[in-house]
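Heads up, the thing below is written out as structure tokens.
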Amino acid sequence: MSGTIAVVEAGDSPVQAMLAAEALRQAARKGGRNLIVEVRTERGIVSPLPASPEADGLLLVGDAAPPEGLAGLQPIRAGIAEVLADPAAVLARLGGGTAPAGAEGGRIVAITSCPTGIAHTFMAAEGLEGAAKALGHAIRVETQGSVGAQNALTPAEIAEADLVLIAADTQVDLSRFGGKRVFLSGTKAAINDGPALVRRAFAEAEVRGEASAQQAPAAGKASLSGPYKHLMTGVSFMLPFTVAGGLLIALAFALGGIYAFDEAHRDTLAGALFQIGGKAALALMVPALGGYIAYSIADRPGIAPGMIGGMIAGQLNAGFLGGIVAGFVAGYSVAWLNRALRLPRTLEGLKPVLILPVLGALVTGLALIYVAGGPVAAALAWLTEFLRGMQGSQAVVLGLVIGGMMAFDMGGPVNKAAYAFSTGLLASQVYSPMAAAMVAGMVPPLGLALAAFLFRSRFTPEEREAAPAAGVLGLAFISEGAIPFAAKDPLRVIPALVAGAAVAGAISMAVGAELRVPHGGVFVLPIPNAVSHLGGYVVALLAGTAVTALALRLIKRPAIVAA
């Protein structure tokens, strides 16, 4: 017997891939099995196979595709979770390989999307493409990222598809897929175990009727629904307005000083930039938030009522809190009206373009003007004055809380709650929480990169190799760069990350740093007036990074390198 070959790939979780590979090696040694394991990561291949591999059995784990030269060998497939739970049982299945379920090629069209449209959107797309290839299916993936839809699906591709797979954490327009078998999932399943998701999609996909695809978008979305998901959809659409407005206002102040908004600068370039950024881009921020929260709930008929409600919230000085209320009122009211109103078939076409927008705008506007607008505006005014008046220990405590939340789950619900809170306050000209949130979000990857450089014994060779890339992600304010390190040893790594981020957030609030843009990392720091108290802000970043690195040195155990 020439032995068994295992290929392990876990998408954006190289730590899980390494753990699974080591578990297989140990199980093979105990069982007297000759096993060669290749681990594929985003940064390269660890323990590559020989140039001309020979094997009697082939195990593909996670997202792995068959290696060249072994295409004729029928593989056994397993998920990362299966291997970590019982590697011996997985190896026992190699007694006789069978082709994976659904190996006969089908045609798949897919869409991936996440709230920020930066990392998870494209990692999910790669996971689906690799899984489909491994299972023998043809696939086309449309990514709805921060720069819009890329590789857009054509009507012909949709018509020929056997399956429509939506792996998204935000609302996706499903009107194109009437009459097709559609399966809804989040991005996490596509990233962690793409093959399992594809198999499940073929088994459980349901046909969307033509009418439901066009006019009843709320139906069949239970698996992707929930207030948190709706809020994140609104935030993701709001961010471009916030970024554009904040940067243009900063440039206006750089050219015309802090009074670039007054009449004396009306005909100058600084005045024009302020008008574009402050009076146009930021004025649309709350309406966009409300409109796309409603869109997530009720699809396209909810956009107009939500945006109108967001505009009314701005006129009532209810700010982003009013925009959130408007979005949920508009979304749920339009969704209810869509279900409740029964019209003759000849009049159904009037619902999405006339009846639902008009009634939804009426309900939302009246609810804000006569019921919710006043209390929400009062609450926002109190919150604004409270935050502006925070000094000393109060500001430090808020910075500690925001910083700790940003590092607690790095892109998860707690992180996004702190980020959405800080971003929303930009519409009320409260900029210090945004500064604390961004500096805290940069700390986890930077602290890990510094610790891997200074305290090498605490990290495996693979982790030290991955650390520079994590540092670059940290500089760009992409906290997810720390996730692979935290996943391996969460009870020790996450407290160190939270400690450094909390220190950074506290120092940022203590020095009074203000940030006018919600993203960009260190690359926005050179822009004049984008960040106030720049020196203190840099000190906060350096201090938080140092605290995380030192905490990792004290808490993290020395790495054990496999022989």
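The values are calculated or read from the model by the stated rules, or taken from the named source; none is laboratory data. Computed from a predicted structure; not experimentally measured. With ideal geometry, Cβ positions are generated from the backbone for all residues, glycine too; neighbour counts draw on all protein chains shown. Quick note on the areas: whole protein, heavy atoms, side chains included, nothing else; ligands and nucleic acids left out. Shrake-Rupley method; radii C 1.70, N 1.55, O 1.52, S 1.80 Å.
The table below gives the values:
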{"item": "Out of V371, V363, V396, V358, sole residue that is within 18 Å of A436 (Cβ to Cβ) and modelled with pLDDT of 85 or more", "result": "V396"}
{"item": "Verdict on A435 being closer than 30 Å to L550 by Cβ, in contact with an Asp or Glu (Cβ under 7 Å, 6 or more places away or on another chain), at pLDDT 80 or above and assigned to a helix (DSSP H, G or I)", "result": "yes"}
{"item": "2 or more residues out of contact with any Lys or Arg (no Cβ under 7 Å at 6 or more places or on another chain), touching a residue at least 40 places away in the same chain (Cβ under 8 Å) and among the aliphatic types (A, V, I, L, M): qualifying helices (runs of 4 or more DSSP H) within the range 455-563", "result": "483-488, 490-510, 534-555"}
{"item": "Of all residues making up the range 538-558, the number that are surrounded by fewer than 18 Cβ atoms within 10 Å (Cβ to Cβ) and either under 27 Å from P115 (Cα atoms) or in contact with a Phe, Trp or Tyr (Cβ under 7 Å, 6 or more places away or on another chain) (or both)", "result": "1"}
{"item": "Pairs with Cβ under 8 Å, 6+ apart, first in the range 306-326 and touching a residue at least 40 places away in the same chain (Cβ under 8 Å) and closer than 15 Å to V363 by Cβ, second outside any helix (DSSP H, G or I) and of a type in the set (A, V, I, L, M)", "result": "V325/A318"}
{"item": "Residue under evaluation L446, criteria (1) touching a Ser or Thr at 6+ places or on another chain (Cβ under 9 Å); (2) open to solvent by less than 10 Å² (accessible area, probe 1.4 Å), criterion not met", "result": "(2)"}
{"item": "Single residue of G535, G471 found to be open to solvent by less than 30 Å² (accessible area, probe 1.4 Å) and either farther than 17 Å from A407 by Cβ or not hydrophobic (A, V, I, L, M, F, W, C) (or both)", "result": "G471"}
{"item": "Hits in the range 145-191 - residues which are of a type in the set (D, E) and touching a residue at least 60 places away in the same chain (Cβ under 8 Å)", "result": "D169, D173"}
{"item": "Residues of the range 336-352 that turn out to be assigned to a helix (DSSP H, G or I) and either crowded, with 19+ Cβ neighbours inside 10 Å or touching a residue at least 12 places away in the same chain (Cβ under 8 Å) (or both), as a count", "result": "5"}
{"item": "Every residue from the range 168-206 that is open to solvent by 20 Å² or more (accessible area, probe 1.4 Å), under 30 Å from M18 (Cβ atoms), touching a His at 6+ places or on another chain (Cβ under 9 Å) and not in a loop (DSSP other than H, G, I, E, B)", "result": "K188"}
{"item": "Residue satisfying all of: in the range 525-545; of a type in the set (A, V, I, L, M, F, W, C) and at pLDDT below 80; farthest from V396 (Cα to Cα) among these", "result": "I527"}
{"item": "All helices (runs of 4 or more DSSP H) inside the range 250-324 with 3 or more residues being surrounded by fewer than 21 Cβ atoms within 10 Å (Cβ to Cβ)", "result": "269-274"}
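Every residue, every condition in (1) touching a Gly at 6+ places or on another chain (Cβ under 6 Å); (2) over 14 Å from N192 (Cβ atoms); (3) at pLDDT 75 or above; (4) not polar (S, T, N, Q), yes or no:
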{"position": "A20", "(1), (2), (3), (4)": "no, no, yes, yes"}
{"position": "A27", "(1), (2), (3), (4)": "no, yes, yes, yes"}
{"position": "D63", "(1), (2), (3), (4)": "yes, no, yes, yes"}
{"position": "I80", "(1), (2), (3), (4)": "yes, no, yes, yes"}
{"position": "A89", "(1), (2), (3), (4)": "no, yes, yes, yes"}
